[in-house]
Amino acid sequence: GNSVTQMEGPVTLSEEAFLTINCTYTATGYPSLFWYVQYPGEGLQLLLKATKADDKGSNKGFEATYRKETTSFHLEKGSVQVSDSAVYFCALSYGNNRLAFGKGNQVVVIP
Amino acid sequence: SQTIHQWPATLVQPVGSPLSLECTVEGTSNPNLYWYRQAAGRGLQLLFYSVGIGQISSEVPQNLSASRPQDRQFILSSKKLLLSDSGFYLCAWSLTAFSGNTIYFGEGSWLTVV
């Protein structure tokens, strides 16, 4: 089947710290991979995506590389800001563009 | 440009009452349409998807139903709500075919069943 696993628990860090959120997946075939962000009380916004192995998605200082050999798509940002506080979801797409999501990680950036 | 809207944004409904959430997409034709639910502590779950008018696929058995009466309109319904139907409901759309197409989400609807 298709599934996504994100590291457990919220992430709390200071402003300008380095952020990493781990994401691994199980899939049949070669899915596209996504990171979505959800700000409080809002819907989901696409943060970045990668459609094939070794692709790197990037946006707003965030990056993630599609690693087929480790079935991973870890999200990184070199220097976080308070405005990056949100919930981050890793996802993969399968038939008819359906998405399978990880459980999400709450990121709290402290000034 | 394409836009997606869903409403109402917030509603509080008693157990046993009916439900209707509506979603429309503008600026594109023949999109794939989706309903997801985000329940507290449970992540995002796909409820229904549609690849065309009148074509509805259900991902999980539940107390809800979906309909697509027009190309860019997607409705989520229930005849009798349960407490467990509470959650944040998200409508989404994508272009068809290519699995790498981005899926775009609406603003969401908060449903509290009391």
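The values are calculated or read from the model by the stated rules, or taken from the named source; none is laboratory data. Since the model is a prediction, treat every value here as computed from it, not as a measurement. Cβ coordinates were reconstructed from backbone atoms using ideal geometry, including for glycine residues, and neighbour counts include every protein chain displayed.
Some observations on this one:
- For the range B:60-80, the candidate set comprises residues that are among the polar types (S, T, N, Q) and not in a strand (DSSP E or B); within that set, the residue that is modelled with the lowest pLDDT is B:Q62.
- Test: residue in the range A:71-89 that is closer than 14 Å to A:Y30 by Cα, touching a Cys at 6+ places or on another chain (Cβ under 8 Å) and outside any strand (DSSP E or B): yes
- Matching option when the condition is closer than 21 Å to B:T10 by Cα, more than 10 Å from chain A (Cβ to nearest Cβ) and touching a strand residue (DSSP E or B) at 6+ places or on another chain (Cβ under 6 Å), among B:F88, B:F48: B:F48
- Among the residues of the range A:7-44, the ones that are under 18 Å from A:V108 (Cβ atoms) and either touching a Cys at 6+ places or on another chain (Cβ under 7 Å) or of a type outside the set (F, W, Y) (or both) come to 21 in all.
Yes/no per residue for (1) in contact with a strand residue (DSSP E or B) (Cβ under 6 Å, 6 or more places away or on another chain); (2) free of Cβ contacts under 8 Å to residues at least 60 places away in the same chain; (3) surrounded by 13 or more Cβ atoms within 10 Å (Cβ to Cβ):
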{"residue": "A:E63", "(1), (2), (3)": "yes, yes, yes"}
{"residue": "A:V80", "(1), (2), (3)": "yes, no, yes"}
{"residue": "A:S85", "(1), (2), (3)": "yes, yes, yes"}
{"residue": "A:P111", "(1), (2), (3)": "no, no, no"}
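- Strands (runs of 3 or more DSSP E) contained entirely in the range B:2-59, each with at least 2 residues that are touching a residue at least 12 places away in the same chain (Cβ under 8 Å) and surrounded by 21 or more Cβ atoms within 10 Å (Cβ to Cβ): B:3-7, B:19-26, B:32-38, B:44-52
- Flag if A:V37 is surrounded by 14 or more Cβ atoms within 10 Å (Cβ to Cβ), in contact (Cβ under 8 Å) with a residue 40 or more places away in the chain and part of a loop (DSSP other than H, G, I, E, B): no
- Checking A:L47, A:L99, A:L92 one by one, the residue that is at negative phi, at the interface with another protein chain (Cβ under 8 Å from one of its Cβ atoms) and part of a strand (DSSP E or B) is A:L99 and no other.
- Residue match in the range B:85-96 (condition: touching a helix residue (DSSP H, G or I) at 6+ places or on another chain (Cβ under 6 Å) and either buried (at least 20 other Cβ atoms within 10 Å of the Cβ) or modelled with pLDDT of 95 or more (or both)): yes
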